[in-house]
Amino acid sequence: MAVKFTNDVTLSKSGFLFDHASGQTYTLNPTGQFIFRLLEQGEESERVLPQIVAEFNVSESTARKDLDDFLRQLHELGITE
């Protein structure tokens with residue numbers, strides 16, 4: 001399933017995520033930056049999981065937890081639907 005962003009958001013090269021609607025800025029760790037960039041490019045969340053495993057050399061369960069936590073946080077912040 002593709003993630004739909006509710007607001008215009010921009011990720012800087014240094015990892016700051018700026019929500020243009022609210023004016024809020026969030027700091028993303030390298031994993032969050034990686035996930036966000038894939039989602040921003042339209043990658044479906046299910047296809048992000050194996051890419052996290054490969055990029056960060058982690059288990060699928062660790063990658064699933066990181067992805068689920070990140071998606072939940074984006075939703076709770078009102079950045080995604």
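The values are calculated or read from the model by the stated rules, or taken from the named source; none is laboratory data. Because the structure is predicted, anything quoted here is derived from the model rather than measured. Here the Cβ positions follow ideal geometry from the backbone for every residue, glycine too, while neighbour counts run over all protein chains shown.
Structural remarks
- Scan of the range 12-31 for residues that are at pLDDT 95 or above, farther than 17 Å from residue 54 by Cβ and not in a loop (DSSP other than H, G, I, E, B), ordered by number: 16, 17, 18, 25, 26, 27
- The set of residues from the range 52-78 being surrounded by fewer than 11 Cβ atoms within 10 Å (Cβ to Cβ) and under 25 Å from residue 25 (Cβ atoms) comprises just one member, 76.
- Within the range 52-80, the only residue that satisfies the criterion of being over 17 Å from residue 38 (Cα atoms) and touching a Ser or Thr at 6+ places or on another chain (Cβ under 7 Å) is 78.
- Flag for residue 73 being within 12 Å of the chain's Cα centre (by Cα), modelled with pLDDT of 95 or more and over 14 Å from residue 3 (Cβ atoms): no
- Count - residues of the range 32-81 that are over 21 Å from residue 12 (Cα atoms), assigned to a helix (DSSP H, G or I) and of a type in the set (A, V, I, L, M): 4
- Tally, over the range 16-31, of residues that are of a type in the set (Asp, Glu) and loosely packed, with under 15 Cβ neighbours inside 10 Å: 0
- Subset of the range 32-51 (residues that are loosely packed, with under 13 Cβ neighbours inside 10 Å and either under 13 Å from residue 71 (Cβ atoms) or touching a Ser or Thr at 6+ places or on another chain (Cβ under 6 Å) (or both)): 44, 46
- Within the range 59-81, the residues that satisfy the criterion of being out of contact with any helix residue (DSSP H, G or I) (no Cβ under 7 Å at 6 or more places or on another chain) and among the hydrophobic types (A, V, I, L, M, F, W, C) are 74, 77, 79.
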